[in-house]
1. Can you tell me the Rg and Dmax of the chain, counting just the alpha carbons, in angstroms?
2. Compute for region 12-86: radius of gyration divided by Kirkwood radius, i.e. Rg/Rh, restricted to C-alpha atoms, rounded to two decimals.
3. Quick one: Karplus J couplings for region 151-162, per residue in order, coefficients 6.51, -1.76, 1.60, θ = phi - 60°, nearest Hz, x for Gly and Pro?
4. Which of the aspartates and glutamates could a cross-linker bridge to residue 141, judged by Cα under 20 Å and excluding same-chain residues fewer than eight apart?
5. What percentages, rounded to whole numbers, describe P(r) for region 137-243 computed over all alpha carbon pairs with 10 Å bin width beginning at zero?
6. Give the aspartates and glutamates whose C-alpha is closer than 14 Å to that of residue 28, dropping any in the same chain fewer than 8 places away, or say none.
7. Using only C-alpha atoms and all pairs of different ones, pull out the Kirkwood radius for region 80-193 in Å with one decimal.
8. Under the 0.36 nm per residue contour assumption, what length would be gained going from the current alpha-carbon distance of residue 130 and residue 88 to full extension?
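Please treat every number below as a calculation from the coordinates, not as lab data. Just so it is clear, the structure is predicted and the values come from calculations on it, not from any experiment. Note that we place each Cβ from the backbone using ideal geometry, even for glycine, and neighbour counts take in every protein chain shown.
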Amino acid sequence: MAPRRHRAKVSPSLLSFGRRFRRFREAKSWSQDNLARRARDGEGVTPQYIGQVETGRTRCSREFAEAMDTVLETNGELVALWEDLVKDAAFPVWFDWVGLEEAADALESWQAMLVHGLLQTPAYVTAVLHGRSEAIEARLKRQEILVRDEPPDCTFLMDEGVLYREVGGPEVMREQLEHLLSPPSERITVQVVPTHGEHIGNMGSFTCATLEDLTEVAYVETIARGFTMGDVEDITEVRRALREIRSLALPVSQSADLIRRTVKERWT
């Protein structure tokens, strides 16, 4: 078997921008925390987001670059760098989604086949990933963003069929569905979409992340790998699909009632 090729996890142009950004910060003798508090006209961002920009793991918006240009007193140089290095640096399809997920202020997801990875119980994860320890550990570690001091606002839309599709056996399913009824954060919304063969969600699962500077990035799953997308046209299509799917979803309370009923009637 040919050795597996490992793609870089950051865009070279985003990394170049991030390095220059860091130099401007260090010239002020400011920490990431100090700069973070000055962002967005004093509203601030997290130090982690500043770190994401500096390491090329996120693509900041022009508005953010303009604000930082003022704060760091770079006399338009940071904006010029954004134009040269970031403006046309669409997220590569292989861009590190986990880093973007960690940096997100909000996540909106549609799942057609399985419970979203951030809401999967250890037993459900183990069944889905066939016991592969490294993959299991990595997926469970991703869930830490839901229990941090300021977790993202999350909307999880899932097809009704997910409630009935057996993964790991009745006990695993019962535990998993009960977990959906008591998510780890008050900022999590779970809604069930009645199974229907015609809506756009049948094309596949996807997630849209909104970052702290309001940049939006989407992640689309395929059989081979996941793809990240940041182009305006792509995000517009993802947003349109989310609106259509959300319009079909049961209200939160009715979704919870359906989950409880499914636990009682099918998995107990």
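1. 20.3, 66
2. Numbers: Rg = 10.7 Å, Rh = 11.8 Å.
With Rh from the inverse mean 1/r over Cα pairs, Rg/Rh is 0.91.
3. x, x, 6, 10, 10, 10, 9, 9, 5, 4, x, 4
4. Of all the aspartates and glutamates, those that pass the test against residue 141 - Cα under 20 Å, at least 8 places apart if same chain - are 96, 101, 102, 105, 108, 149, 150, 153, 175, 186, 221.
5. P(r) over region 137-243, rounded to whole percents: 11, 37, 41, 11, 0.
6. 69, 73
7. Working: mean 1/r = 0.0640 Å⁻¹.
Its Kirkwood hydrodynamic radius stands at 15.6 Å.
8. Working: separation 42, 0.36 × 42 = 15.12 nm, distance 3.95 nm.
Computed gain between residue 130 and residue 88 is 11.2 nm.
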